[in-house]
Amino acid sequence: MTAEYKVNGAVAVITLTNPPVNGLGHSTRAGIVDGMKKALADDAVKAIVITGAGKAFSGGADIREFNKPEAFAEPTLHSVIRVVESSEKPVVAAIHSVAMGGGLELALGCHYRVAVPGAQIALPEVKLGILPGAGGTQRLPRVVGLEMALNMIVSGTPVMSEKLAKTKLFDQMIDGDLMEGAIAFANRVADARPLPKVRDIKIDYPNYEGFLQFSRNTVKAMAGPYPAPLKCVEAVAAAVTQKFDEGIKTERELFLELVQTPESKSLRHAFFAERAASKIPDVPADTPMREIKSAAVIGAGTMGGGIAMNFANAGIPVKILEMKQEALDRGLATIRKNYENTMKKGKLTQEKFDQRLGLITSTLNYEDIGQADIVVEAVFEEMGVKETVFKRLDEVMKPGAILASNTSTLNVDKIASFTKRPQDVIGLHFFSPANVMRLLEIVRGEKTGKDVLATSMALSKKIKKVGVVSGVCDGFIGNRMIEQYSRQAGFLLEEGCTPEQVDKAVEKFGFAMGPFRMGDLAGNDIGWAIRKRRYVEKPDITYSKTADLLCEMGRYGQKTSAGWYDYKPGDRKPYPSQLVNDMIIKHSADLGIERRKISDEEIVERLVFALVNEGAKILEEGIALRASDIDMVYLTGYGFPVFRGGPMFYADTVGLPNVVMAMEKYARGRHGEAWKPAPLLARLAAEGKTFN
Ligand code: 3H9
């Protein structure tokens, strides 16, 4: 059992011992009940304290048990809370670090709660697409009030314990040693009777109907495709409109409804995928790491500037190197402006602004960056340019420095071969805008040292990115897949779609942005340069020529105020372009294609299944370690809808045989060769299996 029982004078202490965060899995639940039984049977015990070992009071239900029979095995969390609440001896929750979800619900079932300042208090279930299912929606409003509870439950955001010190949630804040304080408190209340129960507190909120209606309207407008937030409001409403036991029943019904929704399954998948991504099978957690106390960035362009901001935001001093003073000044001015904008939005204090800018210095001289622990190159995407830079870095960087390239497509092994220390070279592929996007593709070269990989992984966490490891291939995980998606988008134009129709269909599916709006934002000339390279290197790959024709018209996107769409000066809103649509129609005619009406369903299937098929190849080749890593790349770097869990998870939900069937249908159309199912996909579909 993962709970420990000890007696300290007249006080029994039950300590949850289920690392990493004392999730309330079956063996922990059983351990609590066991401890309660011992304490109740021991006449010398007058009061009971429940606490958590290590870095949490409790992070809530053990999410590793979700979808497993243990989750529903007795004692359930409900039963545990019933035992605690109905105990004849007072039970005190001693809270530190984290009390979340089921952990907070357990504490709310105790007669008293004491806490240290700085503990994170939350009911974050909504973030997993569910709601608190062990009484949280009924008990929290009774102690912190209707409004505060509703906010906490609908947003899932943690509140620091000291902010709740004056509410009925806590009976005492403890400044010194928590256990000493908790045991002293327990001794003090040992004889107090009757024992207070949160369930007996009356919620006092005149005109609660008006407030609840207002909340329903606001939450409905903000929830988008997610069903959980509105159900949270319904559950909290039951705390005011129904008797306690009825409210618990309502909460239970809503909880069970939500657990089954595809949105919740996707959110839970994303939660695990994010944590799984940091695990590299042959790089154990105890791999020695290099110290990163300073950084350098080569290139003060959009990418270089964004990367430098990441280091500064994490408190790591960073030096930016450029070739010309002009470029350096421009880059630094952009960084300053970005921080100023954040400050204007109230998200950065003047002090932090000064501190961050103070951490960013600049130079025109390679010798000045030699002592940095890590250098990230963000120069022009061309092997010759990379060669010059890496040869120079090899000369100036101190031994043991990590040499990283921000390349988005080029061969990292080749880049490493320009140095005499390939073990120190790694790809760190940031996504634009680099100071905002959460994804960091960590490209492991053939000779990359395990310590360099482990350090890069830890660094990604430090700079608040989701690091996903990719092997070396053209485009790595994300861009190699997006190429297939973009190819289909181009073919759709030739066959009958407009850019607007494709974008709308994909955005309705949930993508943050369709492929053509995305192209205009990123710059259509980037894809053009890549295709020109492909025409030489891989002449048998076919692309629609529409994108080349667009670039030949000088329509590179927002930066030229014209791309797939028209733009007005100073306005990022896309307006459908007659000129572009005429170009597309003429191109279809030149190819002898009779344009047809294409359904949104076909658009989405062709774009998303093209991602899935390439993802399957990437997985089989070992470029990605696991299907969920591919999902993470798309959720955090490419705006794939989180409520669909990522392309591979989505394919699993659609059913792989159905995906293959759709592909066979498209294989009978134009460019049918693109639709040959990847061997792994075909095999899993035939065996009735899934990617994840
Ligand atoms: C619930 O309670 C339902 C009930 O209402 C109803 C029941 C009937 N269980 O995030 P980190 C692991 S729903 C098991 O990197 P941090 C995590 O996988 C639950 N494991 O650390 C990782 O493992 P590994 C509601 C969990 O310090 C390790 O802990 N609760 C759980 O940045 C470290 O995680 C939540 O939604 C868990 N509940 O943040 C809480 N939580 O090292 C979600 C985490 O092997 N959790 N792990 O990769 C969090 O928000 C953060 O993890 C937390 C720690 C703040 C706790």
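Go over the candidates G615, G563, G554 one by one and state the one that is more than 25 Å from W675 (Cβ to Cβ) and surrounded by 14 or more Cβ atoms within 10 Å (Cβ to Cβ). Reasoning before the result, please.
Details: G615 fails: more than 25 Å from W675 (Cβ to Cβ); G554 fails: surrounded by 14 or more Cβ atoms within 10 Å (Cβ to Cβ).
Result: G563 is the single residue among G615, G563, G554 that is more than 25 Å from W675 (Cβ to Cβ) and surrounded by 14 or more Cβ atoms within 10 Å (Cβ to Cβ).
Among L140, L150, L106, which is closer than 18 Å to I203 by Cβ and touching a Ser or Thr at 6+ places or on another chain (Cβ under 7 Å)? On inspection, the qualifying residue turns out to be L150.
Could you look through segment 56-74, keep only residues that are within 11 Å of the ligand (Cβ to nearest atom) and of a type in the set (D, E), and pick out the one that is nearest to H111 (Cα to Cα)? Steps first, please.
Let us first name the residues in segment 56-74 that are within 11 Å of the ligand (Cβ to nearest atom), namely 56-66, 71-72.
Within this subset, residues satisfying the condition of being of a type in the set (D, E) are 62, 65.
On the way: D62: 23, E65: 28 Å.
Filtering segment 56-74 for residues that are within 11 Å of the ligand (Cβ to nearest atom) and of a type in the set (D, E), the one nearest to H111 (Cα to Cα) comes out as D62.
Residues in segment 435-454 that are surrounded by fewer than 21 Cβ atoms within 10 Å (Cβ to Cβ) and in contact (Cβ under 8 Å) with a residue 60 or more places away in the chain: N435, V436, M437, R438, K450, D451, A454. Evaluated against (1) under 24 Å from A228 (Cβ atoms); (2) assigned to a loop (DSSP other than H, G, I, E, B); (3) basic (K, R), K127 falls short on exactly one condition, (2).
I'd like the full set of residues that are under 30 Å from G331 (Cα atoms) and modelled with pLDDT under 95, limited to segment 256-304. Spell out the reasoning first.
Step one: list which residues in segment 256-304 are under 30 Å from G331 (Cα atoms), which gives 290-304.
G301, T302, M303, listed by residue number.
If you take the residues of segment 334-384 that are among the hydroxyl-bearing types (S, T, Y) and more than 11 Å from A296 (Cα to Cα), which of them is surrounded by the most Cβ atoms within 10 Å (Cβ to Cβ)?
Y339
Residues that are modelled with pLDDT of 95 or more and either touching a Pro at 6+ places or on another chain (Cβ under 8 Å) or of a type in the set (V, I, T) (or both) within segment 60-94 comprise G60, T76, V80, I81, V83, V84, V91, V92, listed in sequence order. Checked against the criterion of being under 22 Å from L453 (Cα atoms), at pLDDT 95 or above and not assigned by TED's automatic domain parsing to the domain that holds V443, segment 315-330 contains not a single residue that satisfies it. If only residues of segment 512-540 that are aliphatic (A, V, I, L, M) and not in a helix (DSSP H, G or I) are counted, the one that is farthest from F491 (Cα to Cα) is A512. Taking the conditions exactly as written (surrounded by fewer than 23 Cβ atoms within 10 Å (Cβ to Cβ) and in contact (Cβ under 8 Å) with a residue 60 or more places away in the chain), does G156 satisfy them or not? No; evaluated as a whole, the condition is false for this residue. Of all residues in segment 266-291, those satisfying the criterion of being within 14 Å of the ligand (Cβ to nearest atom) and in a helix (DSSP H, G or I) are L267, R268, H269, A270, F271, F272, A273, E274, R275, A276.
In the set A53, A12, only one residue is farther than 25 Å from F72 by Cβ and within 16 Å of the ligand (Cβ to nearest atom); that residue is A53.
State whether the residues of segment 644-651 include one that is surrounded by fewer than 24 Cβ atoms within 10 Å (Cβ to Cβ) and among the charged types (D, E, K, R).
no
Look at (1) part of a helix (DSSP H, G or I); (2) assigned by TED's automatic domain parsing to the domain that holds R139; (3) surrounded by fewer than 15 Cβ atoms within 10 Å (Cβ to Cβ); (4) of a type outside the set (S, T, N, Q) and you find that V240 fails only one, number (3).
Considering only residues that are assigned to a loop (DSSP other than H, G, I, E, B) and in contact with an Asp or Glu (Cβ under 7 Å, 6 or more places away or on another chain), look in segment 567-581 and name the one that is nearest to G514 (Cα to Cα). So the residue we want is P574.
Within the option set F170, F185, being part of a loop (DSSP other than H, G, I, E, B), surrounded by 15 or more Cβ atoms within 10 Å (Cβ to Cβ) and assigned by TED's automatic domain parsing to the domain that holds V45 holds for one residue only, F170.
The values are calculated or read from the model by the stated rules, or taken from the named source; none is laboratory data. Since the structure is predicted, the reported quantities are computational estimates derived from the model, not experimental observations. Cβ atoms come from the backbone with ideal geometry, glycine included; neighbour counts cover every protein chain shown.
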